[in-house]
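Report on the structure given below.
The values are calculated or read from the model by the stated rules, or taken from the named source; none is laboratory data. Since this is a predicted model, take the numbers as computed values, not measurements. Cβ placement follows ideal geometry from the backbone for every residue including glycine, while neighbour counts extend to all protein chains displayed.
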Amino acid sequence: MAKNSTSKHVDYVFRIGGEGGEGVISTGELLTLTLARAGYEIYTFRTYPAEIKGGHANYQVRASDRLLLSQGTNVDVLVAFNEEAYQKHVGDLRKGGVVIYDSDSFTAASHDSAILYSVPLASLATEKVGVKLTKNIVALGVVAHLFEIPLEAFADLLRDRFRHKGEMVVQKNLQALQVGADYIKQQTKRDAIRLGPGPRQTKELVLSGNESFALGAIAAGCRIYAGYPITPATDIMEFLAKELPKIGGYVVQTEDEIAAVGVVLGASYAGKKAMTATSGPGFSLMTEMIGLAVTAEIPAVIVDVQRVGPSTGMPTKTEQGDLYLACYGGHGNCPRIVLALSSVEDAFYSAIRAFNIAEQFQMPVIVLSDQYLGHRKATVPVPDPSKVPVINRRTPTPEELKQYKRYSFTSTHISPMAIPGVHEVGYVATGLEHDEIGYPAASNHLNHLAMTRKRYGKFHQVEAIANELTRQYGEEHPEIAIIGWGSTEGVIREAVQLALEAGYSVGALHPKIVYPQPLARLRAFLEGAKAVIIPEVNFTGQFATLLRKRFAVDFIQLNKCIGLPFTPQEIVDKIEEVARHVNSRRREVHAAKL
Amino acid sequence: MSTAVDAKYTPQSYKTDEHPIWCPGCGDFGVLASLYNSLAGLKIDPKNLVVVSGIGCSGRTPGFVKSFGFHAVHGRVLPVALGVKVANPELTVIGAGGDGDGFAIGGGHIAHAARRNPDLTYLIMDNSTYGLTKGQYSPTSPVGYKAGSTPYGNIERPLNPLAMLIAYGATFIAQGYSGKPKELTDLITRSIRHKGFAFVNIISPCITFYNTYKVIPPRLAEVPRDHDTSSRPKAFELALQDDHITLGVFYEARLPTFEEGVADVIRHAQAAGPSRLEQIFAEFS
């Protein structure tokens with residue numbers, strides 16, 4: 001297995017594993033923040049048990065002096081708090097990688113390709129610090145000294161983190177850090193991993209995908225959030241519950257997801273920008289009200305942080321399995337916009353875009369994220385809201401109010417939306433088929449066709465935005481084309497770089513709006529391609545299936561369905577396999593044979 | 001700004017061009033007339049009024065009131081009404097529903113509306129049947145009720161809307177009858193004036209599928225003059241007796257509303273002045 005780092009660049013993957021609830025996550029977070037403050041680019045990845053306490057948890061931190069696109073393929077440093085963590089992860093260690101393990105918990109047999117450091121973490125914490133809970137800080141002391149990360153960087157963070165708990169707690173933690181560093185000083189360093197003080201002084205934020213989206217929602221002008229707790233979306237609600245009141249907004253925790261979307265539609269109808277976030281089970285419950293938003297033409301942003309389904313599935317694991325539901329969920333001819341988040345940085349700007357599209361076209365926008373993106377943290381440049389100017393809904397002019405038609409047919413299919421308490425003339429927003437005024441028209445057959453065309457007319461206009469927002473990596477017209485969507489962007493981009501370096505003709509296209517699809521961009525990209533790979537973290541290839549409706553191409557699916565994201569190497573392997581077929585046959589590749 | 005604000009508030013001025021689709025003789029006509037009277041009496045500006053409904057015969061109510069309206073999906077009156085109220089606490093928000101919409105498909109929302117206590121009015125037009133789908137039994141139909149889905153008679157006991165709302169902690173609970181328009185107007189007026197979640201169960205017979213016009217009047221009684229409307233136990237006692245259908249206000253209390261709570265939270269969060277996005281960014285470095 002390859003090293004992440006090269007002679008020119010620092011690029012290390014740390015993985016911390018142990019029992020859930022024992023500080024694995026906080027150790028990972030402290031390492032993340034310290035390295036981020038030191039100026040490294042960070043890309044974390046978490047898996048954790050569905051149980052509150054117990055079960056195996058791990059936290060992975062990739063740190064580099066250049067832009068990171070994925071969590072990485074191999075592990076450079078494994079910190080194992082127990083034997084289970086060691087057994088589970090030692091196989092992912094690169095050749096010559098490092099294991100730091102708690103020798104109070106187990107004894108690791110010598111390993112032919114790993115460098116082992118045995119440290120009695122629990123007894124150092126108990127005997128030298130007097131607090132067993134500090135064993136994860138002892139481990140950080142070991143990491144700091146061994147890999148030459150300035151101890152003071154960790155110490156500063158510990159002071160910030162524990163100040164509110166009192167000086168005693170701060171001192172115990174600082175002591176634990178020193179105990180770890182002092183202990184490892186006695187051992188000879190046998191590895192070559194060295195980070196140093198860090199490369200960069202420019203200011204960056206450390207955000208999770210969920211946090212980044214929530215910040216973007218604030219920037220977009222969202223002031224009402226309604227939601228029901230559900231993993232892995234809850235932290236959007238908790239974040240906004242804290243922040244929205246500071247800017248005059250509020251979070252309503254509703255009795256279920258149906259009520260959540262009901263509050264959102266009521267609030268939006270009354271003139272406030274509103275959103276909800278959920279995961280698969282809650283999203284399933286929302287489908288009826290999404291249809292209401294479509295036909296009553298009410299702006300709304302609905303986030304689905306996807307987890308493994310169906311039903312309760314694997315609540316803490318990642319999947320891209322809700323695309324069909326997002327595009328087609330609900331009855332009737334029911335156009336809505338589906339936007340997929342591609343990275344932590346993108347989540348901020350896409351949040352503003354989601355609200356903009358909802359407002360401009362007066363329709364629901366579904367935002368697909370997933371556990372992998374929602375819960376991982378990354379360093380991002382301080383977001384600049386001015387990059388995506390905010391758009392607000394069209395309201396009636398005094399002239400239009402004289403003979404007000406809420407659902408008037410216009411050239412843009414967008415009609416003026418009056419706001420209660422603001423505009424003099426009211427109307428009834430309704431899920432019943434209605435005429436231009438909003439009056440029930442449940443038996444007017446031709447009116448239904450005209451209204452359906454109006455709603456799809458708005459939808460089809462978004463295709464132009466979808467084309468604009470599509471990004472491409474690698475060769476513009478490659479032999480081997482890759483189409484991705486959502487959180488796989490970074491991994492695919494890194495795989496494309498690796499494959500290009502290895503001499504393959506490869507390129508990737510990544511739409512942000514997946515419904516409607518950016519057909520013009522897709523058409524241009526597919527021209528001349530000898531093989532097209534569509535990697536998705538689901539079983540059936542949902543995006544590939546949607547694209548087959550539009551393109552007569554024998555798409556090669558690459559599906560991963562184990563609740564974990566792709567690694568770049570998995571994509572590279574597929575590129576190599578497909579390339580062998582392309583080269584040997586000199587004609588189009590048959591997906592069924594791959 | 002416009003003449004609408006200065007228009008004379010008469011019951012007629014709240015009527016729309018849409019003619020109600022209800023069957024001639026439907027109790028809902030009486031409810032609508034009382035609602036017009038209340039709105040006129042309270043001089044509510046249509047610009048600041050939102051009538052929210054679900055599905056069923058009652059669901060068409062917003063179309064018949066000159067104001068803003070939201071005809072939502074089945075059972076979701078209260079979440080939508082809450083959203084409207086949270087977005088703009090200055091609005092007068094009235095929810096209109098039936099016994100199926102409110103107590104069956106939407107029954108899960110009532111408890112939470114009651115305990116949150118948003119300042120909105122919830123009028124239930126209770127006809128003890130599903131009129132729009134031709135008479136199936138509803139949560140308030142009596143045992144033995146025979147219709148399409150209960151050809152051998154209903155075996156489920158009906159729920160008691162008033163006792164339920166008292167248990168949930170609603171802050172205004174009343175019952176009216178569509179055939180007593182003057183009294184009903186008074187109840188609706190009091191429910192709109194009430195600060196907090198006001199619930200009025202209105203017996204509103206379905207002339208087509210469950211005609212109770214003959215059986216209800218003899219059973220009607222008034223809330224006793226000496227009834228203590230500030231006592232939940234007394235309200236329960238009144239709600240649980242089943243000799244009569246009691247009309248009037250069962251319970252009334254002034255408790256903090258949801259919007260007042262929201263305003264308090266915002267005031268507290270902004271104690272050091274309102275925040276800006278850049279300040280929030282600083283928490284993440």
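Figures for the structure shown
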{"item": "Number of positions in segment B:57-112 that are over 18 Å from A:A442 (Cβ atoms), among the hydrophobic types (A, V, I, L, M, F, W, C), facing chain A (nearest Cβ under 7 Å) and not in a helix (DSSP H, G or I)", "result": "2"}
{"item": "Residue selected from segment A:359-381 under the condition among the hydrophobic types (A, V, I, L, M, F, W, C) and in contact with a Lys or Arg (Cβ under 8 Å, 6 or more places away or on another chain), by the criterion nearest to A:T318 (Cα to Cα)", "result": "A:I366"}
{"item": "Residues of segment A:283-312 satisfying the condition of being in a loop (DSSP other than H, G, I, E, B) and within 19 Å of the chain's Cα centre (by Cα)", "result": "A:R307, A:G309"}
{"item": "Conditions (1) buried (at least 24 other Cβ atoms within 10 Å of the Cβ); (2) within 11 Å of another protein chain (Cβ to nearest Cβ); (3) of a type in the set (V, I, T): number failed by A:I290", "result": "(1)"}
{"item": "Matching option when the condition is buried (at least 22 other Cβ atoms within 10 Å of the Cβ), more than 7 Å from chain B (Cβ to nearest Cβ) and charged (D, E, K, R), among A:E257, A:E238", "result": "A:E257"}
{"item": "Those residues of segment A:134-192 which are in contact with a Leu (Cβ under 8 Å, 6 or more places away or on another chain), in a loop (DSSP other than H, G, I, E, B) and not acidic (D, E), in sequence order", "result": "A:F147, A:I149, A:K189"}
{"item": "Some residue of segment A:410-429 being closer than 13 Å to A:A296 by Cα, in contact (Cβ under 8 Å) with a residue 60 or more places away in the chain, within 13 Å of another protein chain (Cβ to nearest Cβ) and assigned to a loop (DSSP other than H, G, I, E, B)", "result": "yes"}
{"item": "Residue among A:L368, A:L401 that alone is farther than 22 Å from B:V80 by Cβ and in a helix (DSSP H, G or I)", "result": "A:L401"}
{"item": "Qualifying residue in segment A:38-56 (condition: more than 24 Å from A:T318 (Cα to Cα) and among the aliphatic types (A, V, I, L, M))", "result": "yes"}
{"item": "Segments classed as strands (runs of 3 or more DSSP E), wholly inside segment B:121-205, with at least 2 members that are within 15 Å of the chain's Cα centre (by Cα) and of a type in the set (F, W, Y)", "result": "B:172-177"}
{"item": "Output for segment A:193-222, where each listed residue is more than 10 Å from every other protein chain (Cβ to nearest Cβ) and either more than 18 Å from A:L244 (Cβ to Cβ) or without any contact (Cβ under 8 Å) to a residue 24 or more places away in the chain (or both)", "result": "A:I193, A:R194, A:L195, A:G196, A:P197, A:G198, A:P199, A:R200, A:Q201, A:T202, A:G209"}
{"item": "Any hit, segment A:430-452, residues being surrounded by 17 or more Cβ atoms within 10 Å (Cβ to Cβ), of a type in the set (S, T, Y) and within 14 Å of another protein chain (Cβ to nearest Cβ)", "result": "yes"}
{"item": "In segment A:108-140, the residues that are more than 36 Å from the chain's Cα centre (by Cα), of a type in the set (S, T, N, Q) and modelled with pLDDT of 95 or more", "result": "A:S123, A:T126"}
{"item": "Count - residues of segment B:246-285 that are outside any loop (DSSP other than H, G, I, E, B), surrounded by 17 or more Cβ atoms within 10 Å (Cβ to Cβ) and more than 10 Å from chain A (Cβ to nearest Cβ)", "result": "7"}
{"item": "Filter result for the condition that a residue is touching a residue at least 40 places away in the same chain (Cβ under 8 Å) and over 20 Å from B:N160 (Cα atoms), over B:F199, B:F209", "result": "B:F209"}
{"item": "Answer from B:S204, B:S230 - the residue that is closer than 30 Å to B:Y137 by Cβ and away from chain A (no Cβ under 14 Å)", "result": "B:S204"}
